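Asks: A single structure is presented below for examination.
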Amino acid sequence: MSFDINGWIKGKITPLFEEIKPIKNDGCITSPGNMWSLKKEVALHLYIPSYYNIIKNHFKNWYYFDPFCGSGLFEFTKHSILKGEKFPGSPIIALAHKEKYPFHQYFLSDKSKNNTNALNSRIKKLYNLDIGIETFDFTSSIKSVEHIDDRTGYDSCLAVIDPVGYAVIPWTDMERLLKIKTCDLFIVVMTNDLHRNLSAALNPEQNDDKGLTNFLGNDSWKNCETGDDIVKKYRQQISNFGRYTEIINVNRIGENKIYDIILSTRSLGGMNVMKGISEKLQQVTTEKIQSQAISGSGKIKPLDEYC
Ligand SMILES: C[S@@+](CC[C@H](N)C(=O)[O-])C[C@H]1O[C@@H](n2cnc3c(N)ncnc32)[C@H](O)[C@@H]1O
C-alpha cells in the first residue's frame, strides 16, 4: 500500500490547531501568517521528538533557542476560507512537546515588546509557566547559548532562526551560532527576497548591495544569477563549519519558491533525521497543506465540502 501523504500531514496539523484553542481568541497581538508558514512549523514539530531521542543519550542539558519567537500565534490574514484562523508559532510548537520531549531551558526572545508580552501571557495560560521571555535583538540574544560547548560535559541546543527577510541575520552573527558544535539549526531563508534584490543589485548602475554582502559575509553574490544560487552558496558556507545540511523548499500556492528551510547539524544521527524530514516534506505541496489545514481547523466540516 502506498504512503498516504495527505492523511499523514493532516495527522500532524490537526493536533496543533487543537493545542491553541484556549488562547485562540485571547485578544493579544498575532503575527501575520500565510499558508506557506505552516511548513516550517510542521518541520520543527517533526524534528523535536527525534532530536530529543538522540541527544538524551549524549548530553546532560539541552536548550531550545528561538531568537525570533514572535507572539506565539500567527493568523491567516488574507486567506479566503481561513481568514482569522490561527496556528501555533515556533515557541508554542516547542512547548507543546514539553511533557514527552522537554528541553532544560527555553531561550525565547524577539525585538518586539508587544510580541514578547503576548507570548508570555499565552505560555502562562497554556502551560502555567513563567519562562522569562526577553526583548532582545538577534545579535544580543546569541550570548545565551554561545558558550554551551565550552564547558566540561558540554550541552546541546536547537536554534530556530526565523527572521523577516534576510537583513537581520548578518553572517557575523550566524557564524557565532555555526561555531557552536553542539547546536542544531533550523534557518528560514527568504529565497524570493534574495532573488529580487539580487536582480536589482546586479544592475550595472547599482552593482552593490550591502544587504546581500552582510547576509553572506562576502560579495560572492556577484557571481550568482538567482536566489537559489545564493542559497546554494550559503549552504556551502554552513558546510565549511563541518556541518551537514538539508533543505526543504516552500512554494507559494501555484507559484514559485517563497523560502527555503535549511537544517544543519554536526551529528550523523541528526543528519539522518533531517534527511528523512526533508524527503517527506518535499512531497508536501502548499496546496496539500492548505486542504488539510482547512479540514484540520474545523472551519469546514467534511459534509460542507459537498454542499
Ligand atoms: C517570521 S516572525 C517569527 C515567527 C515565529 N518564529 C513563529 O513561528 O511564529 C519574525 C519575528 O522576528 C522579529 N524580529 C525582527 N527583527 C528582529 C531582530 N533584529 N532581532 C530579533 N527579532 C526580530 C519580529 O518582531 C517577528 O516577530
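Asks: Do we find that PHE74 is buried (at least 17 other Cβ atoms within 10 Å of the Cβ), modelled with pLDDT under 95, outside any loop (DSSP other than H, G, I, E, B) and touching a strand residue (DSSP E or B) at 6+ places or on another chain (Cβ under 7 Å) in this structure? Don't jump to the end; show me each part of the working.
Replies: Details: buried (at least 17 other Cβ atoms within 10 Å of the Cβ): yes; modelled with pLDDT under 95: yes; outside any loop (DSSP other than H, G, I, E, B): yes; touching a strand residue (DSSP E or B) at 6+ places or on another chain (Cβ under 7 Å): yes.
In short, yes.
Asks: Which residue pairs have Cβ atoms closer than 6 Å, lie 6 or more positions apart in sequence or on different chains, and pair a first residue in the stretch 153-164 that is of a type in the set (Asp, Glu) with a second residue that is more than 16 Å from the ligand (Cβ to nearest atom)?
Replies: ASP155/PHE59; ASP155/ASN61; ASP155/ILE148
Asks: Restricting to helices (runs of 4 or more DSSP H) lying wholly in the stretch 165-283: which have 1 or more residues that are of a type in the set (Asp, Glu)?
Replies: By residue number, 171-178, 191-201, 227-239, 268-282.
Asks: From ARG196, ARG176, ARG151, ARG122, which residue is buried (at least 19 other Cβ atoms within 10 Å of the Cβ) and basic (Lys, Arg)?
Replies: From the options ARG196, ARG176, ARG151, ARG122, the qualifying one is ARG122.
Asks: While we're on this one: Looking at ILE54, ILE29, ILE9, ILE13, can you tell me which residue is of a type in the set (Val, Ile, Thr), within 15 Å of the ligand (Cβ to nearest atom), in contact (Cβ under 8 Å) with a residue 60 or more places away in the chain and not in a loop (DSSP other than H, G, I, E, B)?
Replies: The unique qualifying residue is ILE13.
Asks: Any residue at all in the stretch 83-94 that's of a type outside the set (S, T, N, Q), within 21 Å of PRO22 (Cβ to Cβ), touching a residue at least 12 places away in the same chain (Cβ under 8 Å) and more than 16 Å from the ligand (Cβ to nearest atom)?
Replies: Taking the stretch 83-94 as the starting set, the residues that turn out to be of a type outside the set (S, T, N, Q) are 83-89, 91-94.
In the following step, the residues that additionally are within 21 Å of PRO22 (Cβ to Cβ) were identified as 84-89, 91-94.
Subsequent filtering for residues that are touching a residue at least 12 places away in the same chain (Cβ under 8 Å) retains 85-89, 91-94.
Subset that is more than 16 Å from the ligand (Cβ to nearest atom): none.
No, that holds for no residue.
Asks: Taking the condition of being in a helix (DSSP H, G or I) and surrounded by fewer than 20 Cβ atoms within 10 Å (Cβ to Cβ), how many residues in the stretch 32-48 meet it? Break it down stepwise before answering.
Replies: Step one: list which residues in the stretch 32-48 are in a helix (DSSP H, G or I), which gives 37-48.
The next check asks that each one be surrounded by fewer than 20 Cβ atoms within 10 Å (Cβ to Cβ); those that pass are 46.
So the count comes out to 1.
Asks: If you check every pair at least six apart or on different chains, which have Cβ atoms under 8 Å apart with a residue in the stretch 252-266 that is in contact (Cβ under 8 Å) with a residue 40 or more places away in the chain first and a residue that is of a type in the set (Asp, Glu) second?
Replies: ILE253/GLU287; LYS257/ASP228; ILE262/GLU246; LEU263/ASP184; LEU263/GLU246; SER264/ASP184; SER264/GLU246; THR265/ASP184
Asks: To continue, here is another question. Pick from the stretch 215-236 the residues that are out of contact with any helix residue (DSSP H, G or I) (no Cβ under 7 Å at 6 or more places or on another chain) and under 14 Å from GLU175 (Cα atoms): which of them is surrounded by the most Cβ atoms within 10 Å (Cβ to Cβ)?
Replies: First, pick out the residues of the stretch 215-236 that are out of contact with any helix residue (DSSP H, G or I) (no Cβ under 7 Å at 6 or more places or on another chain): 218, 222-223, 225, 229, 232, 235-236.
Among the residues that remain, those that are also under 14 Å from GLU175 (Cα atoms) are: 218, 235-236.
Values: ASN218: 12, ARG235: 18, GLN236: 11.
Checking each candidate, the answer is ARG235.
Asks: What number goes with the only condition from (1) more than 9 Å from the ligand (Cβ to nearest atom); (2) assigned to a helix (DSSP H, G or I); (3) within 25 Å of TYR47 (Cα to Cα); (4) not aliphatic (A, V, I, L, M) that PHE107 does not pass?
Replies: Of everything listed in (1) more than 9 Å from the ligand (Cβ to nearest atom); (2) assigned to a helix (DSSP H, G or I); (3) within 25 Å of TYR47 (Cα to Cα); (4) not aliphatic (A, V, I, L, M), PHE107 misses just condition (2).
Listed here are the residues, each with its yes/no results for (1) in contact with a Ser or Thr (Cβ under 9 Å, 6 or more places away or on another chain); (2) basic (Lys, Arg).
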| site | (1), (2) |
| --- | --- |
| ASN115 | yes, no |
| LEU119 | yes, no |
| LYS125 | no, yes |
| ASP130 | no, no |
| TYR154 | yes, no |
| CYS157 | yes, no |
| ILE161 | no, no |
| GLY165 | no, no |
| PRO170 | yes, no |
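Asks: Hey, another quick one. I want to confirm something. Restricting to the stretch 57-82 and keeping residues that are among the hydrophobic types (A, V, I, L, M, F, W, C) and within 11 Å of the ligand (Cβ to nearest atom), which single residue is farthest from ILE248 (Cα to Cα)? Before you say what the answer is, go through the steps one by one.
Replies: From the stretch 57-82, those among the hydrophobic types (A, V, I, L, M, F, W, C) are 59, 62, 65, 68-69, 73-74, 76, 81-82; that's our starting set.
With within 11 Å of the ligand (Cβ to nearest atom) added as a condition, the list becomes 68-69, 73-74.
Values: PHE68: 20, CYS69: 20, LEU73: 22, PHE74: 21 Å.
Filtering first and then ranking leaves LEU73.
The values are calculated or read from the model by the stated rules, or taken from the named source; none is laboratory data. Since the structure is predicted, the reported quantities are computational estimates derived from the model, not experimental observations. Neighbour counts run over all protein chains shown; Cβ positions are idealised from the backbone, glycine included.
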